[in-house]
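K.L.:
Submitted below is the structure of interest, expressed as structure tokens.
The values are calculated or read from the model by the stated rules, or taken from the named source; none is laboratory data. Since the structure is predicted, the reported quantities are computational estimates derived from the model, not experimental observations. Heads up, the Cβs are rebuilt from the backbone with ideal geometry, glycines too, and the neighbour counts pull from every protein chain shown.
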Amino acid sequence: MVRSLITLKGLTYAPTGGLVAALTSSLPEQIRGERNWDYRYCWLRDAALIFLVLMRAGYRAEATSWRDWLLRAIGNSPAEMQTIYGVRGERRVNEYEIPWLSGYENSRPVRIGNAAVNQFQLDVYGEVLAAMWQADDAGIKMTEPDWPVMVDLIQFLESHWQDPDEGIWEVRGGRQHFTHSKMMAWLAFDRAIKLVENYEDAPSEHVGRWRKIRDQIHAEVCDRGYDKKKKAFTQVYGSEALDASLLTMPLIGFLPTSNKRVRSTVGAIERELMEDGFVRRYRPNQCGVDGLPGTEGIFISCSFWLASCWHLLGRKKKAKELFERLLDLRNDLGLFSEQYDLREKRQLGNFPQALSHVSMVACARILGNEDLLFARAH
């Protein structure tokens, strides 16, 4: 945990408070493949999760600095909030290729910038609002200028939560109604409501409407996101494909692990997305939404999510065993990349990867019977 916290601290840019997803570009997710991306930017999703981990570990100065960075980056146009920014809040991070570079072990193309900046990713609103709420609950209080930003974010979401998006995995095969994205929209409304409830002088005139939308989203996800034949929540509405991001359902409090649909979803992911005891985020050649050729390794964060779910389900011995197997994937400095190649026994993807280290710390806390990452901060 200490090594991961040091790594996350190292991913902060002190002059502005920006938090980057990784320090590298174009380290491949498949050797000699083209799944090569530039991660040297501030993803709001990843940064919000880093923020939560740092805040819980006592890095209050860094947490406060990122929260201030977030409010500056969003500025006066929350409806134009991007998924990615530069460390100084730059909005232009357009993607292009460098054809004269051969790439890491001939993995082409080498990319600079990231086209995900132009994507609509619905789940980001959930992570950002969860971070704002837990910061407030931990004593990094909302100020008067912060409220209009929060209200504008939720009002934008009111009009757009029913839209398809590119999702947490930033697919390049077109927008879909991702179940995880809708679930995170629910989280955004839930945390906005909790924020307002903490203050007597907060803009409470919207809360009644937000509660109705929150309940509407919850009902829709439980209806359209669950496949009765598969007995699992699926990647997109109307599909039978599975997605390991749905392991976060009990981790954010959408449904508890005691719910039979959650338990059966965990079981389905074990059967279809596990390989050699680890978890793939989805099957690129089955889901039809990826939009890219080739394959990838097991996803380290998803495997930590499964260990967390197993612990909450009471399967504590299995959870601990998986956690320790995952620790064995680290390099000699205790660092994780994004993915792991089971056949070649090597790490894949950009490095060091913030999301992997965030998930490790969050899982360790759960195995230690502490609060969930998205729970109330104490």
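K.L.:
How many of the residues in the range 200-229 are within 23 Å of the chain's Cα centre (by Cα) and aliphatic (A, V, I, L, M)?
P.N.:
The total comes to 4.
Yes/no matrix, rows are residues, columns are (1) among the β-branched types (Val, Ile, Thr); (2) at positive phi; (3) without any contact (Cβ under 8 Å) to a residue 12 or more places away in the chain:
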{"position": "Ile6", "(1), (2), (3)": "yes, no, yes"}
{"position": "Leu11", "(1), (2), (3)": "no, no, no"}
{"position": "Gln30", "(1), (2), (3)": "no, no, no"}
{"position": "Asp46", "(1), (2), (3)": "no, no, no"}
{"position": "Ser65", "(1), (2), (3)": "no, no, no"}
{"position": "Gly75", "(1), (2), (3)": "no, yes, yes"}
{"position": "Pro99", "(1), (2), (3)": "no, no, yes"}
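K.L.:
Taking the range 31-64 as the search range and keeping residues that are over 14 Å from the mean Cα position of the chain (by Cα) and among the aliphatic types (A, V, I, L, M), which one is modelled with the lowest pLDDT?
P.N.:
Out of the qualifying residues, it is Ala63.
K.L.:
Follow-up question, since we're still on this one. Residue check: is Glu205 out of contact with any Phe, Trp or Tyr (no Cβ under 9 Å at 6 or more places or on another chain), without any contact (Cβ under 8 Å) to a residue 24 or more places away in the chain, not in a helix (DSSP H, G or I) and not assigned by TED's automatic domain parsing to the domain that holds Ser264?
P.N.:
no
K.L.:
Just checking, does the range 292-314 include any residue being more than 25 Å from Leu372 (Cβ to Cβ), in contact with a Phe, Trp or Tyr (Cβ under 6 Å, 6 or more places away or on another chain), surrounded by 14 or more Cβ atoms within 10 Å (Cβ to Cβ) and in the same structural domain as Ser258 (by TED's automatic domain parsing)?
P.N.:
First, pick out the residues of the range 292-314 that are more than 25 Å from Leu372 (Cβ to Cβ): 292-297.
Then drop every residue that is not in contact with a Phe, Trp or Tyr (Cβ under 6 Å, 6 or more places away or on another chain), which leaves 297.
Imposing the further condition that a residue be surrounded by 14 or more Cβ atoms within 10 Å (Cβ to Cβ) reduces the set to 297.
After this cut, where a residue has to be in the same structural domain as Ser258 (by TED's automatic domain parsing) as well, the list is 297.
So far as the range 292-314 goes, yes, one or more of its residues are more than 25 Å from Leu372 (Cβ to Cβ), in contact with a Phe, Trp or Tyr (Cβ under 6 Å, 6 or more places away or on another chain), surrounded by 14 or more Cβ atoms within 10 Å (Cβ to Cβ) and in the same structural domain as Ser258 (by TED's automatic domain parsing).
K.L.:
Just one of the numbered conditions (1) modelled with pLDDT under 95; (2) under 26 Å from Glu29 (Cα atoms); (3) assigned to a helix (DSSP H, G or I) is not true of Ala268; which one?
P.N.:
Only one criterion in (1) modelled with pLDDT under 95; (2) under 26 Å from Glu29 (Cα atoms); (3) assigned to a helix (DSSP H, G or I) is unmet by Ala268, namely (1).
K.L.:
Sticking with this one: Counting only residues that are under 20 Å from Ala375 (Cβ atoms) and either assigned to a helix (DSSP H, G or I) or of a type outside the set (A, V, I, L, M, F, W, C) (or both), how many does the range 46-76 have?
P.N.:
Going residue by residue through the range 46-76, those that are under 20 Å from Ala375 (Cβ atoms) are 46-60, 63, 66-67.
Checking the rest, the ones that are also either assigned to a helix (DSSP H, G or I) or of a type outside the set (A, V, I, L, M, F, W, C) (or both) come to 46-56, 58-60, 63, 66-67.
Total satisfying the criteria: 17.
K.L.:
Kindly indicate whether Glu90 is free of Cβ contacts under 8 Å to residues at least 12 places away in the same chain and either part of a helix (DSSP H, G or I) or not assigned by TED's automatic domain parsing to the domain that holds Asp341 (or both). Write out each step before concluding.
P.N.:
Working: free of Cβ contacts under 8 Å to residues at least 12 places away in the same chain: yes; either part of a helix (DSSP H, G or I) or not assigned by TED's automatic domain parsing to the domain that holds Asp341 (or both): yes.
Taking the combined requirement at face value, the residue satisfies it.
K.L.:
List, please: which pairs have Cβ atoms under 7 Å, are six or more places apart or on different chains, and start with a residue in the range 213-236 that is in contact (Cβ under 8 Å) with a residue 60 or more places away in the chain and end with one that is of a type in the set (Phe, Trp, Tyr)?
P.N.:
That search, which allows pairs on different chains as well, returns Val236/Phe178.
K.L.:
Within the range 14-73, restricting attention to residues that are in contact with a Pro (Cβ under 7 Å, 6 or more places away or on another chain) and not hydrophobic (A, V, I, L, M, F, W, C), which residue is farthest from Arg3 (Cα to Cα)?
P.N.:
In this case the residue turns out to be Glu34.
K.L.:
So, in the range 221-248, exactly how many residues are part of a loop (DSSP other than H, G, I, E, B) and over 24 Å from Glu127 (Cβ atoms)?
P.N.:
6
K.L.:
Output the residues belonging to the range 284-338 that are charged (D, E, K, R) and assigned to a helix (DSSP H, G or I). Even if it seems obvious, please write down each step before you answer.
P.N.:
Within the range 284-338, the subset charged (D, E, K, R) is 290, 296, 315-318, 320-321, 324-325, 328, 330, 332, 338.
Within the range 284-338, Lys316, Lys317, Lys318, Lys320, Glu321, Glu324, Arg325 qualify.
K.L.:
Which condition number in (1) in contact (Cβ under 8 Å) with a residue 60 or more places away in the chain; (2) assigned to a loop (DSSP other than H, G, I, E, B); (3) of a type in the set (Lys, Arg) is the one that Arg365 fails?
P.N.:
(2)
Every residue, every condition in (1) among the charged types (D, E, K, R); (2) in contact (Cβ under 8 Å) with a residue 24 or more places away in the chain; (3) in contact with a helix residue (DSSP H, G or I) (Cβ under 9 Å, 6 or more places away or on another chain); (4) under 27 Å from Ile252 (Cα atoms), yes or no:
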| residue | (1), (2), (3), (4) |
| --- | --- |
| Leu312 | no, yes, yes, yes |
| Phe336 | no, yes, yes, yes |
| Leu342 | no, yes, no, no |
| Phe351 | no, yes, no, yes |
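Listed here are the residues, each with its yes/no results for (1) surrounded by fewer than 19 Cβ atoms within 10 Å (Cβ to Cβ); (2) out of contact with any helix residue (DSSP H, G or I) (no Cβ under 6 Å at 6 or more places or on another chain); (3) within 21 Å of Gln155 (Cα to Cα).
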position: Arg56; (1), (2), (3): no, yes, no
position: Pro78; (1), (2), (3): no, no, yes
position: Tyr85; (1), (2), (3): no, no, no
position: Leu129; (1), (2), (3): no, no, yes
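K.L.:
Can you tell me which of Leu255, Leu242 is in contact with an Asp or Glu (Cβ under 9 Å, 6 or more places away or on another chain) and closer than 22 Å to Leu312 by Cβ?
P.N.:
Details: Leu255 fails: in contact with an Asp or Glu (Cβ under 9 Å, 6 or more places away or on another chain).
Going through Leu255, Leu242 in turn, just one is in contact with an Asp or Glu (Cβ under 9 Å, 6 or more places away or on another chain) and closer than 22 Å to Leu312 by Cβ: Leu242.
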